[in-house]
1. In what sequence, highest mean first, do B:133-146, B:154-167, B:181-194 appear when ranked by Cβ atoms within 10 angstrom?
2. What's the average, rounded to a whole number, of partner chain beta-carbon atoms within 10 Å of each residue's beta-carbon in B:346-353?
3. Please give the average number of partner chain Cβ atoms lying within 10 Å of the Cβ of each residue in A:117-126, rounded to a whole number.
4. Please work out whether the range A:123-227 counts as rounded, prolate or oblate from its C-alpha gyration tensor, where a ≥ b ≥ c are the square roots of the eigenvalues and a/c under 1.5 means rounded, while otherwise a/b larger than b/c means prolate and anything else oblate?
5. In peptide B:38-51, what is the residue-averaged number of other protein chain Cβ atoms found within 10 Å of each Cβ?
6. Give the relative contact order (percent, whole number) for the range B:285-335; include only Cα pairs under 8 Å separated by 6+ residues.
7. In degrees, nearest 10, range 0 to 90: what is the angle between the Cα axis of helix A:78-88 and the longest Cα principal axis of chain A?
8. Return the sequence-ordered ³J(HN,Hα) values of the range A:55-65 in whole Hz as given by the Karplus equation 6.51 cos²θ - 1.76 cosθ + 1.60 applied to θ = phi - 60°, using x for Gly and Pro.
Amino acid sequence: MAGCTLRPHGQHPHLFRLPAAGRFAWGRGVQAAAATFLMEQHEPRTPALALASGPCVYVYKNLRPYFKFSLPQLPPNPLEQDLWNQAKEDRIDPLTLKEMLEGIREKAEVPLSVQSLRFLQLELSEMEAFVNQHKSKSIRRQTVITTMTTLKKNLADEDAVSCLVLGTENKELLVLDPEAFTVLAKISLPSVPVFLEVSGQFDVEFRLAAACRNGNIYMLRRDSKRPKYCIELSAQPVGLVRVHKVLVVGSNQDSLHGFTHKGKRLWAVQMPAAILTMNLLEQRSRGLQAVMAGLANGEVRIYRDKALLSIIRTPDAVTSLCFGRYGREDHTLIMTTRGGGLIIKILKRTAVFVEGGGEAGPPPAQAMKLNMPRKTRLYVDQTLREREAGTAMHRSFQADLYLLRLRAARAYAQALESSLSPVSATAREPLKLHAVVQGLGPTFKLTLHLQNTSTARPILGLLVCFLYNEGLYALPRAFFKVPLLVPGLSYPLETFVESLSDKGISDIIKVLVLREGQSAPLLSAHINMPVSEGLAAA
Amino acid sequence: MAEQRLAMRTQFPASAESIKPRLKKAPEFPILEKQNWLIHLHYIRKDYEACKDVIKEQLQETQGLCEYAIYVQALIFRLEGNIQESLELFQTCAVLSPQSADNLKQVARSLFLLGKHKAATEVYNEAAKLNQKDWEICHNLGVCYIYLKQLDKAQDQLHNALHLNRHDLTYIMLGKIHLLEGDLDKAIEIYKKAVEFSPENTELLTTLGLLYLQLGIYQKAFEHLGNALTYDPTNYKAILAAGSMMQTHGDFDVALTKYRIVACAVPESPPLWNNIGMCFFGKKKYVAAISCLKRANYLAPFDWKILYNLGLVHLTMQQYASAFHFLSAAINFQPKMGELYMLLAVALTNLEDTENARRAYTEAVRLDKCNPLVNLNYAVLLYNQGEERGALAQYQEMEKKVNLLKDSSSLEFDPEMVEMAQKLGAALQVGEALVWTKPVKDPKSKQRTTSTSKAASFQQPLGSNQALGQAMSSAAAYRKLPSGVGGTSQLTKPASLPVEPEPTVEAQPTEASAQIREK
């Protein structure tokens, strides 16, 4: 299989397990990246397998551990180093140390080591012990590998020697020599690389695209020390594949974008679900290069530029894809799924990918019938009647409307006159009343909410009186005093109502709010009592 | 098992080499960033549960020192809607590494989402000091200023953002500012540049199309809407707008097919059912039109344009009593439109309430500035009442408007209106045909449909297709009117029911052809 990268899933860290070697003798841990590459020209040309984990790359050859490369230590902050040296010689007390370290953290370009950071978190009492325990150690800063890929050294052949390209957490790219494992080149990036895509040869000319955690993709060339072009995606990239000269980027907003190698946007395609992984499909015999994208809805879509070539449906969401030679078969697709499954598909040798297999032409919704509201026969009859007698209808309607308005106005005036409304508008006693009836019967709970709506003045000396049919209902107290009403608060006044009738009839209970010494009510409410449903129980 | 493995993992890399010489020493510190890549991978794959597990594990191992884990946790909180929590975590991140503009940006973003725009701008300004070449900071500052109603500052920031790096979103916001300021031309300029920059963005294309439509530049509008539909054949806004233009051209069947797509995607859209209703109206399927319009009215009971159309259709159906109700409801919502009063007057005339009809006409004439139909209909009513002088005055008013329109706009007069006016002119014994000779000889004499639709769309908030949909239908409505006139006036034979609609239907194709010729 030509250089491929498999990304393990969290729950299955040992996804890449060597078949014959059984367990790894070393190199335990979650592998951030894996790659195969040729290390040297000698025959037999067995490829080596590189696994990146933490700060190390473990190289296997002939299914045996072969070499372990560790990332060089990062230079510590000289000021910090100095401080710890002082601590070692007990020339500085823990508190001053803490202050100085904090000062460095605030301003320094080089971040502090873990040791110092941990120290800064400690309580006063623990500091002394911590310093004594750790002061003799030299402080170290170690970074880890986030991604890895391969780059041909000096020949473009398929079986040429390749270098490993590592992306690290401290925003750097390293190119390793395939034989000596020395660092050939170091490039710094503005952010942490997540995906790499390299083409060309290291000694001649190469183009490198690095998708980073800040959502940008930086493009580099052999002689550029800094990124030459930058694509700002305004979303997180989830995959990076180069197809001929087009860089295809999957974003976490469910879309694929095509860019030129100078970062100009060419096209975009919307996916039906989130993209989980992407890789290149290359069918050399037909000169086809396409992008495969594994989606969260369990589809694997294959695109050539914007055109959808094929959809493979899988039982589970595919989290990594690899297309290439497997055994004797040139065109094999290997997929791993979210649940931990492995799917291997072999492409028919006669198969040809054709464009337009997907959705073309008008969307299917266009062929659907409109959901029209139907009209009834009655409606048509009414229409005809209106045509014949429209004028009369209009006139009687207008007359009735006037009557209605008149009646409403009269009723309103009457309500105002006799304080029948639940809101009292008099200047002295602005009150609001509403009532709630709870229960199924025969006993109901009647709650009156009385509110003084004036801004400042409390109201004193109010009475509440219930008027009801005594044959139907019984109330413990039909007449009681209201406590002082503080402005703005709503006072719930509760009382029980017993329904006496067993005939399932209900009646109105009138509530009157009165002022002491006045016979005309301030306001009143009519409560429509519900029918008692608890007759049997009673 | 998993935990064992974990424990081994934490110790492995460093301790394997160094544990022997210093056995008594304290254990090595774990590398803080060891699992950042895994957290990130889960995060971009939207596997948030797995992501949270790794974050928890990582934070336990590092005793809360892993900044990136906290950062992603905060991002997830924000996605889940816990903005306050996310804000606190981002602030923790900002403490852990105070030099990072990214953390400040996220703090500001959370503040922005909490509606604290002022505080957000302060934090963004702080972040801008750390990183001056970030378009995102400029863009977001601009957006904050829009919310703070400081449009000038917002414009500056957005232009800065464009200068640093061009993004569709920035163009959209900048366009919105110009629209807020009511400057259509500038907005169009911005959107034009935006479309040049990203020619496949359907939102940009649609908005630009709608703006052109508002300005009455139909060809360009159609071009952009068409482009939008090529890239996304199910774009709701673009379909409605393009459909309404097709309706203006009388392509009712094509428009209806397009509306089917929308009906599938957004079945409860009032403008959609309004437009469908007016399609059926154009096809003379009045019952279908009424049921669709009634659905639209049910969905948006306060939309006066739907009520207007309902009134119009009922007038055509000679259901004058119903028409009266819809029109008076429409007038309650939109009391400033002359045409509405005129339609109401037509309904009242047919309900034999001449007195109120006359009042409505007076109001219509007072409000309307350019529609000769209003005066013509009023004149007919006055003439029928035997008030030839009043009729003559209205007739002359109409002549003025017609002369004005002939110069300014580009459409033909409705032949039915011309005929009616000529008859009235003859009856009033005015200098007959003086006004109309030109239009008759020169079929390109212009009418003012464009301006109607413009006026109608003006009241609409920008970008909503309602504007178009209804602009169109009111334009169609306008052309329908003469039939109502024909019915009212007893100059011709007392109108028999089926005769009426026909001339109008003829009217539409002529209009359409006129517009096509323009292109």
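1. Sorting B:133-146, B:154-167, B:181-194 by mean packing, highest first, produces B:133-146, B:154-167, B:181-194.
2. Details: counts 0, 2, 1, 0, 3, 7, 5, 4.
Mean shielding count: 3.
3. Per residue, the number of nearby Cβ atoms from other chains is 2 on average.
4. Numbers: a/c = 3.59, a/b = 2.15, b/c = 1.68.
Note, shape of the range A:123-227 comes out prolate.
5. On the way: counts 8, 1, 5, 13, 2, 3, 16, 14, 9, 8, 0, 0, 4, 1.
Mean partner-chain Cβ count within 10 Å for B:38-51: 6.
6. 36
7. Between helix and principal axis, roughly 90 degrees.
8. x, 10, 10, 9, 10, 10, 9, 6, 6, 10, x
Every read-out reported here was derived from the displayed coordinates using simple, explicitly stated rules and does not represent laboratory data. These numbers were taken from a predicted model, which means no experiment stands behind them. Ideal geometry is used to build each Cβ from the backbone, glycine not excepted, and the neighbour counts take in all protein chains shown.
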